[in-house]
Structure formats: C-alpha cells, structure tokens
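Engineer: First the structure, then my questions, so here it is.
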Amino acid sequence: AQSVTQLDSHVSVSEGTPVLLRCNYSSSYSPSLFWYVQHPNKGLQLLLKYTSAATLVKGINGFEAEFKKSETSFHLTKPSAHMSDAAEYFCVVSSLSGSARQLTFGSGTQLTVLP
Amino acid sequence: GAVVSQHPSWVICKSGTSVKIECRSLDFQATTMFWYRQFPKQSLMLMATSNEGSKATYEQGVEKDKFLINHASLTLSTLTVTSAHPEDSSFYICSARGGGGGAIRTDTQYFGPGTRLTVL
C-alpha cells in the first residue's frame, strides 16, 4: 500500500520569496516520487521526479525537491517565487508491486503568489 | 518527446447521450494508458488502467458498463461515457506509459491536457 500526504492545502507567498510545499509519503516498496503542476483547466506537467538516484532532484522552472527516507518526505522548494508559479501542485508516489505500477496522488496544494 | 493529446478538450452534452474521449500518444508507443477523473479543486482519482489489446482494469467503485474503455492500438485509447448524467460532469485526464527505449521512461506517466465534460 502507498499513500501521499500534502500537509498544506493552500500556500501563499510573495513574489521573490522562497516556496516550500510539503509532502510526506508511505510505501511498502522502494518508491518513485514525482511533483506535478497543474494550471487552471490544464493537464499536468511534470516538474521533477525521484527514482532512487540522487536524493536532491532538480526540476524545471527552478524547482527542486529532496528525498529524505528517514523522514519519508519529498518537499518541493524554489528559492524565489514568480507570478507564473501560481497553480495547483501534486505530490505523487509510484511503487512497483509485482507487475503493477500505479500512481497515488496527494490532495494537492494551491500556491498563490502575491505581487 | 512524450506528448499525449486528448480530444475533445471540452464537450457539452445532453443527459442520456454518450460521449467519447480520445487519448493519443503522439510520439511514442503506450503499452499502458490510464484514465483519471478530477472534480473541481480535488485531486486526480484513477478510474481504470488499460493495456493494449486487453480489457481495462477498473478501480473499485467505477462502473465498467458506464465508462467504456478501449485500447485498440499502442497509440490510442478511448473512454466512452455512456448515458451521461449531470453527476458525470468532470475533468477527465488520461496518461500514457511507454514501453521504454530512448527518452521514454517506463516509470513515468505522461499526461494529456484533459477533457472537460459538462452534462446538461
């Protein structure tokens, strides 16, 4: 079994300030972890993914996330928020169980960037 | 690479009619496709998983006779909402997972842009 908990449903930051979106996971197997972004009425865009290589993962648009096994966390960060970062962000876990590999989505975090 | 399209992007239909949504992998062969449903301001919920040439596997609580899924080729899957009702109004998103090779990873799902269905 696997699950994902996004600790904040809404995060507001001012433009130019750091962004932190928190995610904790549980998995019975070695997980792959993803962050996706969804702009209004749009599909999902992959920001970054962790697949058992380097624990600090760099993604697109200046985002990065660190896999911490001891804390079962995969928080998403960005040093300086931009207005275009305002969107819904989903933390996703994928575990291989037999021949199946399914994604489990977190509940999402709505990021608001204030001018 | 790894582009997934959906058609139509939005559709409005009358209650009782059927609607077909297409999901295509444009530049890779998708051995597995997934269909998700997303209600407003909620997360994605997996409806079903389909492998090319075989019957789809539906998640618990999803009516297979209402949501017909066909994965007839390695680049096309369709979702047909039969006898649609207003409660079926939602954002439907498909994703595709490739068979590997090149830049297409088997551990990554590539998502389509979604289809907004409104049933009047």
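The values are calculated or read from the model by the stated rules, or taken from the named source; none is laboratory data. Not measured: the values here are computed from a predicted model. Cβ coordinates were reconstructed from backbone atoms using ideal geometry, including for glycine residues, and neighbour counts include every protein chain displayed.
Engineer: Can you say whether B:Thr31 is away from chain A (no Cβ under 13 Å), touching a strand residue (DSSP E or B) at 6+ places or on another chain (Cβ under 8 Å) and surrounded by fewer than 21 Cβ atoms within 10 Å (Cβ to Cβ), as far as the supplied structure shows?
Structural biologist: Taking the combined requirement at face value, the residue does not satisfy it.
Engineer: Could you grab me the full set of residues in segment A:91-115 that are more than 16 Å from the chain's Cα centre (by Cα) and modelled with pLDDT under 85?
Structural biologist: Correct list: A:Leu96, A:Ser97, A:Gly98, A:Ser99, A:Ala100, A:Arg101, A:Gln102.
Engineer: Which members of segment A:79-98 meet the condition of being of a type in the set (A, V, I, L, M) and loosely packed, with under 12 Cβ neighbours inside 10 Å?
Structural biologist: Of everything in segment A:79-98, just one residue is of a type in the set (A, V, I, L, M) and loosely packed, with under 12 Cβ neighbours inside 10 Å, namely A:Met83.
Engineer: Picking from A:Leu33, A:Leu48, A:Leu44, A:Leu76, which residue would you name as being modelled with pLDDT under 90 and surrounded by 15 or more Cβ atoms within 10 Å (Cβ to Cβ)?
Structural biologist: Just a single option satisfies the conditions, and that option is A:Leu44.
Engineer: Among the residues of segment B:34-58, what is the count of those that are exposed (fewer than 14 other Cβ atoms within 10 Å of the Cβ), among the charged types (D, E, K, R) and within 13 Å of chain A (Cβ to nearest Cβ)?
Structural biologist: So the count comes out to 1.
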